[in-house]
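The following block contains the structure, expressed as structure tokens.
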Amino acid sequence: MSAEADPKDAWVLLCAFDDPTLARMTLDFLEDHDIPVQTRGDSPDGVRNLYSPFDIRIVVPASRLQEARDALSAFTAEPQPET
């Protein structure tokens, strides 16, 4: 976890992945933007049988959910061509 979260704040689902590399990139991006994050399910760093599906869920404090959504939108935005 990066930034501090209020211990009374509930952790809510932000997004889920079946790709550990994409999950790790998303976690790193959110941490770089000082958003507290945790994972549920499988670890994004774990190596498993390639035939087994991953279940990586990223959760954030409920009070930071909109901020995390906004950051995630910037992370996943398509590049815009220069005019």
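The values are calculated or read from the model by the stated rules, or taken from the named source; none is laboratory data. What you see is a predicted model; the values in this text were computed from it and never measured. Keep in mind that these areas ignore ligands, DNA and RNA; they rest on the heavy atoms of the full protein, side chains included. Shrake-Rupley method; radii C 1.70, N 1.55, O 1.52, S 1.80 Å.
Using a 1.4 Å probe on the protein heavy atoms only, what accessible surface does Asp9 show? Give it in Å² to the nearest 10.
30
Would you mind checking which residues have amide H under 5 Å from Leu14's amide H? H placed 1.01 Å from N; only 5 or more apart, or other chain.
Ile58, Val59, Val60
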